[in-house]
Amino acid sequence: MKQILIGTLEKLTQTKRSDLSAPAPGVLIIDKPGGITSHGVVSVVRRTVGTRKVGHAGTLDPMATGVLVIGVGQATKVLGHLALREKEYFATIRLGASTTTDDREGDVLERAEPMLLAAMRDDEIVAAVSRYVGKIHQVPSSISAIKVDGQRAYARVRAGEDLQLKAREVEITAFEVRSITRSNDGIDVDVRVECSTGTYIRALARDLGRDLGVGGHLSALRRSSVGPFGIDASHELVPWSEGPQPEAAIMPLADVARAAFSCFEVHGERAADITHGRRIEWPDTDSAVIALVDGAGVLHALAEEREGRCSYLCVFVTASGSE
């Protein structure tokens, strides 16, 4: 059973916790409900835990639900590295209509003839889905959060601009059909997707419908995992006064590092070197990013290899013991 966490947006607009000290840095795994933006969830967490230093790793559209990784305090430094991890989604693709937003919230652009849908076989759909597994070039939806000349793509589209985004390479490691349901309105294809960061499931729905010649859009989306963080460890947005205090649900930085990165212990002078920005020797590992922790389990830094030594991506402990 999932734990219960923090407050609803309505409750928190009336309740401040500025009188409380900021919580220890760490990560919250939120089961984002539908109807709220990722930034809206960040706003809820900020107000609940009493600090503005909160961010998220990987945007979910308002329609989507599921795993949203939230960093609190110094943990915001690791979010960019967590966002680069693989992700899993469960989605429903509606075949039979294309929309302006590539999902159910947009206006319908074109509908397929009922005869075309009736003639389409299940094995045709499964075969079309399988062709997307591997490295592909995908054009993101025009209402994505990608920045173009400093502005979000969706903002430029909503301002009336006809925006054409460039294709980018993504990797689909799994794209599986779980069920196919037919109705008078179209064909609903329930799928599971494992993919690299930067993959747009809406774009998969759009392109699958195009390839089948009937149009398609996304009608439901749930993210079940981001890297090592799954839905089973997530927390719901409910009034914090009705459940445990949110600080108890924050995963400490060292635990985040152990879950997401290869960890290596540093002691004495080596720990002090990290604190002062002096590069130490790179350990014997093939990992692209490693976490450096001390014997007490305190996370000192994330690092990558450069010329046989550690190049620090972010440092968490200074000479005085805190940042």
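The values are calculated or read from the model by the stated rules, or taken from the named source; none is laboratory data. Only a predicted model underlies this, so the values are computations on that prediction, with no experimental measurement involved. For neighbour counting, all protein chains shown are included, and Cβ atoms are generated from backbone atoms with ideal geometry for every residue, glycine included.
A few remarks follow.
- Close Cβ contacts (under 8 Å, 6 or more residues apart or on different chains) running from residues in segment 30-43 that are within 8 Å of residue 63 (Cα to Cα) to residues that are of a type in the set (S, T, N, Q) comprise 34/65.
- In segment 65-100, the residues that are polar (S, T, N, Q) and within 13 Å of residue 220 (Cα to Cα): 65, 92
- Top-ranked residue of segment 248-273 - restricted to ones that are acidic (Asp, Glu) and in a helix (DSSP H, G or I), ranked as farthest from residue 225 (Cα to Cα): 269
- All of 31, 19 fail the test of being in contact with a helix residue (DSSP H, G or I) (Cβ under 7 Å, 6 or more places away or on another chain) and either at pLDDT 90 or above or more than 25 Å from residue 83 (Cβ to Cβ) (or both), apart from 31.
- Of the residues making up segment 274-287, one or more are in a helix (DSSP H, G or I), more than 30 Å from residue 187 (Cα to Cα) and not assigned by TED's automatic domain parsing to the domain that holds residue 118.
- Among (1) modelled with pLDDT under 95; (2) in contact with a helix residue (DSSP H, G or I) (Cβ under 8 Å, 6 or more places away or on another chain) - the single one residue 183 does not satisfy: (2)
- Count - residues of segment 245-271 that are at negative phi and either among the charged types (D, E, K, R) or without any contact (Cβ under 8 Å) to a residue 24 or more places away in the chain (or both): 8
- Residue in segment 74-84 that is outside any helix (DSSP H, G or I), more than 25 Å from residue 300 (Cβ to Cβ) and either hydrophobic (A, V, I, L, M, F, W, C) or at pLDDT below 90 (or both) present: no
- Test for residue 171: is it at pLDDT 95 or above and touching a Cys at 6+ places or on another chain (Cβ under 7 Å): yes
- Residue list for segment 162-183, restricted to those being surrounded by fewer than 13 Cβ atoms within 10 Å (Cβ to Cβ), in contact (Cβ under 8 Å) with a residue 12 or more places away in the chain and closer than 25 Å to residue 110 by Cβ: 164, 166, 167
- On the stretch given as segment 47-56, residues that are modelled with pLDDT of 90 or more and either surrounded by 18 or more Cβ atoms within 10 Å (Cβ to Cβ) or part of a strand (DSSP E or B) (or both) total 3.
- Any hit, segment 25-39, residues being over 19 Å from the mean Cα position of the chain (by Cα) and in the same structural domain as residue 141 (by TED's automatic domain parsing): no
- Single unsatisfied condition, residue 4 versus (1) modelled with pLDDT of 85 or more; (2) farther than 28 Å from residue 133 by Cβ; (3) in a strand (DSSP E or B): (1)
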